[in-house]
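Following: one structure in structure tokens, then a few remarks.
The values are calculated or read from the model by the stated rules, or taken from the named source; none is laboratory data. Since the structure is predicted, the reported quantities are computational estimates derived from the model, not experimental observations. Methodologically, a virtual Cβ is constructed for each residue, glycine included, from the backbone with ideal geometry; neighbour enumeration extends over all protein chains shown. Side chains are part of the model used for accessible areas, which takes the heavy atoms of the whole protein and leaves out ligands, DNA and RNA. Shrake-Rupley method; radii C 1.70, N 1.55, O 1.52, S 1.80 Å.
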Amino acid sequence: LRTFAAVDAPRPSAAYAVGGSATSLRRLVGAVLERDSLSRGLQALTSRSSAEVALRLGLHAERARLLPAAILLLDAASRALQAPLQMAPGGLREGIVLEELSRLADV
């Protein structure tokens, strides 16, 4: 969390979360990751075993075990950006592919 404390990011009009943990959290807290929903998600995850969470959400057990840490990181990112995180419809890989296709189209 100290890493994000040093970030002096401009306040964006929108902030997005991508990746497996964010996608998994959508099943638990919904499409917007903000302080209240993340707090509720953390409570739900830590009040049960990771095996129970995995079964309930249809996740791999290791993913369920790592979700509390993901919540802490996403919450820190949201606070640093001063904006709730919304789920992006793609992921990092899709963004890289789209960027590369755009770059090739400009050549």
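Write out, first by first residue and then by second, each pair whose Cβ atoms fall under 6 Å of each other, whose residues are 6+ apart or on separate chains, and whose first residue, in segment 81-107, is modelled with pLDDT of 80 or more while the second is open to solvent by 80 Å² or more (accessible area, probe 1.4 Å) and of a type outside the set (A, V, I, L, M, F, W, C). From residues that are modelled with pLDDT of 80 or more, the pairs are Q82/R11; Q86/Y16; M87/R26; A88/Y16.
Taking the conditions exactly as written (surrounded by fewer than 16 Cβ atoms within 10 Å (Cβ to Cβ), touching a Ser or Thr at 6+ places or on another chain (Cβ under 7 Å) and closer than 15 Å to G20 by Cβ), does A70 satisfy them or not? Spelling it out, it is not the case that A70 is surrounded by fewer than 16 Cβ atoms within 10 Å (Cβ to Cβ), touching a Ser or Thr at 6+ places or on another chain (Cβ under 7 Å) and closer than 15 Å to G20 by Cβ.
Count of segment 3-17 residues, restricted to those that are in contact with a strand residue (DSSP E or B) (Cβ under 9 Å, 6 or more places away or on another chain) and open to solvent by 70 Å² or more (accessible area, probe 1.4 Å), is 1. Screening L72 against (1) in contact (Cβ under 8 Å) with a residue 24 or more places away in the chain; (2) farther than 22 Å from V7 by Cβ leaves a single unmet condition, (2).
Among the residues of segment 59-67, none qualifies, meaning not one is under 17 Å from M87 (Cα atoms), in contact (Cβ under 8 Å) with a residue 60 or more places away in the chain and not polar (S, T, N, Q). If the condition is being open to solvent by less than 80 Å² (accessible area, probe 1.4 Å) and farther than 29 Å from A14 by Cα, then segment 31-57 contributes S47, S49, S50, A51, V53, A54.
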